[in-house]
Amino acid sequence: MRSPQATGTAPDQTDRPLLAGGLLVATGLADVLSAYGMLRSGPFVVLSEGGLYPVDVTGWAWLHLVVGTALALAGLGAATGRRGAAAVAIGCAVPAIALELLMLPYAPIRVVLVAALEAAAIRLLVRHRRATGRAG
């Protein structure tokens with residue numbers, strides 16, 4: 001474990017990319033697992049005034065699978081703290097949040113939790129970039 005005296009920087013500045021990367025990897029894996037579950041299950045059933053309607057979410061599942069994989073890989077890159085990795089991770093996390101919010105009616109609790117973790121990771125990465133003075 002590093003001490004602040006040994007590295008000469010505050011521990012929160014050096015550990016931000018690691019925490020953000022971990023959050024992005026976890027949310028990416030959650031997306032991949034939920035996509036697998038959506039692919040293996042049948043269609044959602046929507047209740048309306050006109051009756052019950054099946055809603056096939058196979059396309060959304062494949063999109064979640066791709067975005068979740070990209071997000072997990074970007075999170076691994078962000079955890080390294082390399083130059084430009086934060087920009088790539090933020091670029092992957094923003095569309096992931098948008099995709100999560102589109103699935104809100106079908107899995108509201110999972111969507112809110114995963115989107116909040118992705119937003120926290122974005123905030124950590126932006127604060128780290130500002131603290132280190134890196135533009136890209």
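The numbers here are math on the coordinates, done by the rules we state, and not lab data. As the structure is a prediction and not an experimental result, all values here were calculated from the model. Neighbour counts are summed over all protein chains in view; Cβ atoms, including those assigned to glycine, are modelled from backbone coordinates with ideal geometry.
Residue-wise HN-Hα couplings along the stretch 73-89, as the Karplus relation 6.51 cos²θ - 1.76 cosθ + 1.60 with θ = phi - 60° gives them from phi, are 5, 5, x, 5, x, 5, 5, 6, x, 5, 5, x, 5, 5, 5, 5, 5 Hz; Gly and Pro carry x. For the chain, taking the reciprocal of the average inverse distance between every pair of different Cα atoms yields a Kirkwood hydrodynamic radius of 16.0 Å. Helices in the chain, meaning DSSP H runs of at least 4 residues, each add -39500 (n - 2.57). Divided by all residues, the mean residue ellipticity at 222 nm is -25500 deg cm²/dmol.
Comparing mean-square fluctuations of Gly77, Gly22, Gly42 from a GNM of the chain with C-alpha springs under 10 Å, the top value falls on Gly42. Seen against the Cα atoms of the chain and their longest principal axis, helix 108-132 is set at about 20 degrees. The order of the peptides 69-75, 29-35 by mean Cβ neighbours within 10 Å, most packed first, is 69-75, 29-35. When the charge dipole of the chain is built from unit charges on Cβ atoms (+1 for Lys and Arg, -1 for Asp and Glu) and taken about the Cα centre, the candidate among Gly51, Pro108, Leu29 whose Cα reaches farthest toward its positive end is Leu29. Here the stretch 89-136 is assigned +1 on the Cβ of each Lys and Arg and -1 on the Cβ of each Asp and Glu. Its dipole about the Cα centre then comes out at about 320 debye. Here r is the Cβ-Cβ distance between Thr132 and Leu101 and R0 is 30 Å; the resulting FRET efficiency, rounded to 0.05, is 0.50. Close amide H partners of Phe44, meaning residues 5 or more places away or on another chain with modelled amide H under 5 Å apart, are Val55, Val57.
Under the simplified labelling scheme, the Leu47-Leu18 pair shows an inter-label distance of 4.9 nm, with each label point 7 Å from Cα along Cα→Cβ. In plain terms, the chain from Ala119 to Arg82 could stretch by 11.3 nm, reckoned as 0.36 nm per residue minus the Cα-Cα distance. Measuring max minus min along each principal axis, the C-alpha atoms of the stretch 25-88 give extents of 54, 21, 16 Å (largest first).
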